[in-house]
Amino acid sequence: MKIPLQGHFGRQDTFFPVKDAEEFRTKVNGSGGDFELYIYEDAGHAFLTAESHRDKLDQPRASDETRKLAWSRIYSFFDKHLK
């Protein structure tokens, strides 16, 4: 993959292990890609899901600070790559 990618994963995710994300990053970056990987210690799977849908997930809820940090990184990525 030669397009820039960004991933946000929760260390407490029981659906998609962080180890798998790290392996994917290694493969992408090893083939000349650009994959930014962020791991959040207090987050589970789909931690940026709207609160109205959180009750359908059996995953740890990330702190407000973690969610704000993730969104700021996403918006910065968009600003950099979508102009």
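The values are calculated or read from the model by the stated rules, or taken from the named source; none is laboratory data. From a predicted model like this one, the values you see are computed outputs, not experimental measurements. Cβ coordinates were reconstructed from backbone atoms using ideal geometry, including for glycine residues, and neighbour counts include every protein chain displayed. Please note that ligands, DNA and RNA were not included when accessible areas were found on the heavy atoms of the full protein model with its side chains. Shrake-Rupley method; radii C 1.70, N 1.55, O 1.52, S 1.80 Å.
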Open item on the list: Name the single residue that is modelled with the highest pLDDT among those in region 52-71 being open to solvent by less than 70 Å² (accessible area, probe 1.4 Å) and over 16 Å from I39 (Cβ atoms).
Closed with: L57
TODO: Quick one: in region 39-51, of everything that is exposed (fewer than 15 other Cβ atoms within 10 Å of the Cβ) and modelled with pLDDT of 90 or more, which residue is farthest from S76 (Cα to Cα)?
DONE: E41
